[in-house]
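A short worksheet on the structure shown next.
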Amino acid sequence: MSAINELYQQLILEHNKSPRNFRTIEHADKTVEGYNPLCGDHYTIYLNVKDNRIADASFQGAGCAISKASASMMTSAIKGATVEEVESLFQKFHAVVTGKMGPDPDVEDLGSLGALAGVAEFPARIKCASLAWHAMHSVLHEMNDSPKTIVTSDTTE
Amino acid sequence: MKKNDSAMMMDVDKRVRFDIERIREDFPILHTLVHGKPLVYLDNAATTQKPLHVIDADQRYYHSQNANIHRGVHYLSEVATFEYEKARGKVKNFVNAADNHEIIFVRGATEAINLVAHGYGRKFLAEGDEVIISAMEHHSNIVPWQMVCAEKKAVLRVIPMNDEGELLMDEYEKMLSPKTKFVSVVMVSNSLGTVNPVKDIIKSAHALGVPVLVDGAQAVSHMKIDVRDLDCDFFAFSGHKVFAPTGVGALYGKAEILDRMDPYQGGGDMIESVTFEKTTYNALPYKFEAGTGNIAGVVGLGVAIDYVRRVGFEEVEEYERELLAYGTTLLSAIDGVRLVGTAREKAGVLSFVMEHVHPHDIGTILDQEGIAIRTGHHCTQPVMKRFGIPATARASLAFYNTKEELDALGRGIAKVKEIFHA
Ligand SMILES: Cc1ncc(COP(=O)(O)O)c(C=O)c1O
């Protein structure tokens, strides 16, 4: 498969077209905005956390196919997971899309998220894939539950 | 390649008539392969590529001319000063200013506008005064005015535009009042391509005695500039958008208004005398050129100007008009593609959006085909908001582009549609 077809594979296009958990959660425990001023990608992530587990996760907003599919897959992947599981998923996902796992990373345990591994070949797009993740990650580890934070995935990724 | 200067100049003269093949030969970077495909460079509004003449001038400067200017009595300092001031004369002719001392070298359009906002705005604006800009300004012609307006409690007013991306001149006329103290407008919009009727804008402002700055960043590579015909009070542009190096640009200002302004920065070269009690400022243009500037860049700008003048703006305008019309027809014919910015008077820019595909994704797929465009808000977020879109994909032209390259763009877009099933 060519790099471009690897990047825009069916699963990603499908999540882009019909994103999962694409809704707001009224009175969510945690709400966070992810914004990339460079390309205008802008999402709001909603999380409900109960007994150290992600009881519900959703998102709203607009952006490119990569950022939207990533947000969609992320909300699906973290629902039901413990905070620790989310943390290790975040670390693994981050390592894969930033290419830290090498050219052919083992993405077995990432499930459908593995479809985003192709992003590592496109340095300019890594921040698209990680935008929702950084937003989610920052709010999950926030000590005080400030209702809204704006997170920008850094451009050096 | 090693020839003496006069032999090289003759070569240049022979080389540069409007012959697209030969022109492309002058730009070595155009022969780059990107992902195994020939580069199609359509990001000229971001920055233009440099001809060999400019690249060689940079080499030559550091090889045999480098010294600080206006300072030494030694040979090299005189050579460098001569080259630097010669370039000022070229810029003067390029924009048809009356005098060399009306040309101030700066880092680029951004610094030029900041210089005026600072040196004129901070000195002459007062509470309740109004500054008028337009709805299609680059951030660099918004933020400096916002800053000075906030400081002076002045009001920033914005000329609106229609759905084609044309300024509503009636609204502008209504906006002008005795409160208006400055007008700063873009000549060619970088995100829409609109060529604004700056001459009319200036005339109306002058009727009230209001000075006008023209942001010419996107105009200089596409059309002949005549600041005296426009009668603008200031004209700002960047060298890198007119085939010169980055980090250099020029501000034209009418001498009588520059004289009344405060310096922008303090330091060496801009002074006449310094004591710890008082400093008196140097004459124009040095009053505004504090510190050691980009001397090689200035020399390169002079060489770039020689180059475009030899290509000839008449030829450039005619060729680019045809190219733009060709690209407009080509993109309009593609199902699912919509042009953003459809003004009657346009130059150099084809901004577009596609149904169901975000511009960022368009950019990545085109890049894989070797095609360089820009995607995003192009430093004009208010324009994006006005059109209700987050971003556009933008193909922008220079005279070295060809219809074949636009055909490649068309094929690239077909590929985008194929991948996205759009
Ligand atoms: C219309 C316009 N004005 C100003 C600028 C700023 O130019 P620079 O970044 O070279 O200072 C640009 C650059 O994109 C522009 O397109």
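Summarising the strand pairing of chain B, around 60 percent of its internal DSSP beta bridges are antiparallel.
Which one of A:Ala117, A:Leu89, A:Met73 has its Cα pushed farthest toward the positive end of the charge dipole of chain A, where Lys and Arg give +1 and Asp and Glu give -1 at the Cβ? Going by the Cα projections, it comes out as A:Met73. Please work out the Cα center distance from region B:235-260 to region B:32-80, rounded to the nearest Å. Cα centroid of region B:235-260 versus Cα centroid of region B:32-80: 18 Å apart.
Each residue in A:Asp51, B:Asp306 was given a count of other beta-carbon atoms within 10 angstrom of its own, and listing them fewest first yields A:Asp51, B:Asp306.
Remark: the B:Lys123-B:Tyr281 segment gains 55.3 nm on full extension, using 0.36 nm per residue and subtracting the alpha carbon distance. The ranking of B:Ile419, A:Ile66 by Cβ neighbour count inside 10 Å, starting from the fewest, reads B:Ile419, A:Ile66. As a proxy for reagent exposure, A:Thr31, B:Thr380, A:Thr82 were ordered by neighbouring Cβ count within 10 angstrom, fewest first; the result is A:Thr82, A:Thr31, B:Thr380. Scanning chain B for DSSP H helices at least 18 Å long along the axis (C-alpha atoms) with a Kyte-Doolittle mean no lower than 0.0 picks out B:295-311. Taking label points 7 Å from Cα along the Cα-to-Cβ direction, B:Arg310 and A:Ser18 give a separation of 6.2 nm. Overall size of chain B from C-alpha positions, given as principal axis extents largest first: 72, 60, 33 Å. Gap in Å between the Cα centre of region A:1-75 and the Cα centre of region B:341-391? A separation of 23 Å, based on Cα centres. In sequence order, region B:36-47 has phi-based couplings of x, 10, x, 4, 10, 8, 10, 10, 6, 6, 6, 7 Hz under the Karplus curve 6.51 cos²θ - 1.76 cosθ + 1.60, θ = phi - 60°, and Gly or Pro positions carry x.
Close lysine pairs were tallied over region A:3-151: pairs 8 or more places apart or on different chains with Cα atoms under 21 Å apart number 19. Among the lysines, select those whose C-alpha is under 18 Å from the C-alpha of B:Lys50, and discard any that sit fewer than 8 residues away in the same chain. Those lysines meeting the cut-off are B:Lys90, B:Lys241.
With N set to the residue count of the protein assembly as shown, report its C-alpha Rg divided by 2.2 N^0.38 Å to two decimal places.
Details: Rg = 26.5 Å, N = 579, 2.2 N^0.38 = 24.7 Å.
Dividing the Cα Rg of the protein assembly as shown by 2.2 N^0.38 Å gives 1.07.
Between B:Ser332 and A:Ser138, the simple label model (points 7 Å from Cα in the Cβ direction) yields a spacing of 4.4 nm.
Derived scalar couplings between HN and Hα for region B:226-240 equal 9, 5, 7, 5, 5, 6, 5, 8, 9, 9, 10, 8, 10, x, 5 Hz in order, rounded to whole Hz, by the Karplus curve 6.51 cos²θ - 1.76 cosθ + 1.60 (θ = phi - 60°), x for Gly and Pro. DSSP bridge analysis restricted to the protein assembly as shown gives an antiparallel fraction near 70%, rounded to the nearest 5.
For the pair B:Asn162 and A:Thr98, label points projected 7 Å from Cα toward Cβ lie 5.1 nm apart. Report the FRET efficiency, 1/(1 + (r/R0)^6), for B:Met147 and B:Lys199, where r is their Cβ-Cβ distance and R0 is 30 Å, rounded to 0.05. Given R0 = 30 Å and the Cβ-Cβ separation, E is 0.60.
The share of Cα pairs per 5 Å bin across chain A, counted from zero up to the longest distance, runs 2, 10, 20, 24, 22, 13, 6, 2, 0, 0 percent.
Taking square-rooted eigenvalues a ≥ b ≥ c of the alpha carbon gyration tensor, is region A:33-125 rounded, prolate or oblate, where a/c under 1.5 means rounded and, failing that, a/b exceeding b/c means prolate? Verdict is oblate for region A:33-125. List the lysines whose alpha-carbon lies under 25 Å from that of B:Lys181, not counting same-chain residues fewer than 8 positions away? Straight-distance partners of B:Lys181: B:Lys123, B:Lys152, B:Lys153, B:Lys199, B:Lys203, B:Lys254, B:Lys287. Most simply put, region A:3-151 has about 85% antiparallel DSSP beta bridges, counting only bridges with both residues inside it.
How charged is the neighbourhood of B:Asn401? Take every other residue with its Cβ under 10 Å from the Cβ of B:Asn401, and add Lys/Arg as +1 and Asp/Glu as -1.
Residues near B:Asn401 contribute -1 overall.
Computed from phi, the 3J(HN,Hα) profile of region A:108-119 under the Karplus parametrisation 6.51, -1.76, 1.60 (θ = phi - 60°) reads 3, 6, 8, x, 5, 4, x, 4, 8, 4, x, 4 Hz, with x in place of Gly and Pro.
Rule-based calculations on the coordinates, nothing more; no lab input. Values in this document were obtained by computation on a predicted structure and should not be read as measured data. Here Cβ is always computed from backbone atoms with ideal geometry, including for glycine, and neighbour counts include all displayed protein chains.
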